[in-house]
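Structure record follows, encoded as structure tokens.
Just so you know, all these numbers are worked out from the coordinates, no wet-lab data involved. For clarity, every value in this text was computed on a predicted model and none was experimentally measured. As a convention, Cβ positions derive from the backbone with ideal geometry for all residues, glycine included, and neighbour counts pool all protein chains shown.
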Amino acid sequence: MKLRTLLAMADLRLETITGEDELDRTIRWVVTTDLLDPGRYLRGRELVLTGLVWRSGPADSEVFARALAGAGVSALAAWDLAAGAVPDDLVEACRRHRLPLFKVPPDVAFATVTEHVVRHLSTARAADLSAVLDRHRRLVAGVTEGAGLDAVLELVGRDLGMRCWVLTPAGRVVAGPHPPPARGPAALARAFLTAPRLPHHLAGAGVSVLPVAEDTASRVADWFIACEGDWADWPAERRALTGELAAIVALERARLDDRLSVEGRLARELVRLIGSGAPPGEIIPRLELTGLDPGAPFTAVAATASGPLRPGELRTVLAEALPGPRPVVGLLDEEAIAILPTGGDDVAGEIRRALSPLAPGLDGSALALGVSDVVAAGELRGAVEEARYARRLAAGRDGPVRVVGHDELATHVLLLASVPDDIRHMFKVRLLDPLRGYDEVHRIDLIRTLETFLQHSGSWTRCAEQLHLHVNSVRYRIQRVEELTGRDLSRLEDRVDFFLALRLG
């Protein structure tokens, strides 16, 4: 409610004494006071009513006006019934502090002014809330396609005079006015991820950050809201409205989440189909259904998270961080698999740069990602296997965000990634199952001895040193391996077969 709206209320007949150029100020509430210094009871943008009981002399007017101006009051309405006038010293004090001053007619009670203002504010708030809810209903229903959250944030800005933005934990601005806060989206995201508790005010930045779905999502998988001002100083109605805003943002994000959409279902089915080893003739038509061009080059990404981050949240993080157009993302057990069209030379580097800002908010989790080489649509199964191998290699490294690209894989890994699952399984069983069975019965550790022997290129001495065994014990174990498998470990071909079988194990 603006001051000029107040002056237009015919029943009140308020008169402007000073402050004609400040009539676009808004009124948030109305307060009656007889205190000389009521500043600590004011929150800003009030209309203050006073009968001047506090005034014992001209100097008091300066104290009173300074207190109101310091509290951010919108205007003062006054009348001294005993004196029948508003003192000149109060007029001058209000003029010095740019505080609009109105005269209340002697026959209009302060209670009447309060009733009119409160009724108007309540009606306006009800209308605004109805508009917000109606707009949100239309947003969810898709009637206002393309309007998104910007329309809601614009309404909040008009109502509260407070700009707000919606951002991702990686620092992408989802919605909000331009330009973004001076502190920068990246700094806001880091503050959101590292704040000991939320909401959190950034000292010196004039911005508070609030979670969207704090009770249901990890911070790295959530969106957040940044609003101008210190949330600790907000009145109750402003806090309530930002809470409603968070609920609207959460619902809008849920509407955009493809897990419940036809596209999301098709994406998950495509990932499952590739993971099951389906032939290209089945995979390529599904690519088209998900909106991908089968003629484009593709990269596969595999990711897992250790710690409290759930697989569904990992999928959300991956979909947000991957470069280029929105990727196809699904889950194979606890592993997130993404297929993305790409022409980039350093997809692994792009992913590493996109995910690194999330590291401060992982809170004990660690992300391990593997990235395949660029392939054609018909080679996606091998690309997924390559990405999964790279992901396993990444899991053994240190740090909160671990990314391994295809260029870090050995050539034998690339070869194994292209071999069908049933053939790899048969190869591994034939060579290693006799040794596993023997180990289970005799507890002699043939497989570990074999692996150590191959790691040291067949050196009896070095193998014995690492296993803390006598050389003769190593010779005995290797002899048992040869007898059980019918292989000769002095032959290069048989050593290679065992090496590959162990890599498959």
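Rounded, prolate or oblate, given the Cα gyration tensor of the stretch 146-256, with a/c below 1.5 counting as rounded? It would help to have the intermediate numbers written out before the result.
Working: a/c = 1.20, a/b = 1.02, b/c = 1.18.
The shape class here is rounded.
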On Cα atoms only, tilt of 421-442 relative to the major axis of the chain in degrees: 70
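What is the stretch 3-117 by shape, rounded, prolate or oblate, if you read a ≥ b ≥ c off the alpha carbon gyration tensor as root eigenvalues and call it rounded for a/c under 1.5, prolate for a/b larger than b/c, and oblate otherwise?
Values: a/c = 1.38, a/b = 1.15, b/c = 1.20.
Cα axes put the stretch 3-117 in the rounded bin.
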So what are the three principal axis dimensions of the chain from its Cα atoms, in whole Å, longest to shortest? 118, 52, 38
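Calculate the tail of P(r) for the stretch 347-505: the fraction of all Cα-Cα distances greater than 29 Å, expressed in %.
Result for the distance tail: 36 percent.
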Sticking with the crude label model, points 7 Å out along Cα→Cβ, report the distance from residue 237 to residue 254 in nm, one decimal please. 2.8
If N is the residue count of the stretch 292-364, its Cα Rg over 2.2 N^0.38 Å rounds to 1.12
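Suppose we flag GluC sites (Glu not before Pro) only when DSSP calls them loop and at most 14 other Cβ atoms lie within 10 Å. Which is the longest uninterrupted stretch of the chain? If you can, show how the numbers build up before the last one.
Working: sites that count: 145, 334.
It runs 146-333.
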Quick one: grab Rg to one decimal and Dmax as a whole number for the stretch 421-504, Cα atoms only, in Å. 12.3, 39
Mind giving me the nanometre distance, one decimal, between the label points for residue 34 and residue 269, set 7 Å out from Cα along Cα→Cβ? 7.7
List the extent of the Cα atoms of the stretch 259-416 along each of their three principal axes, largest first, rounded to whole Å. 42, 40, 26
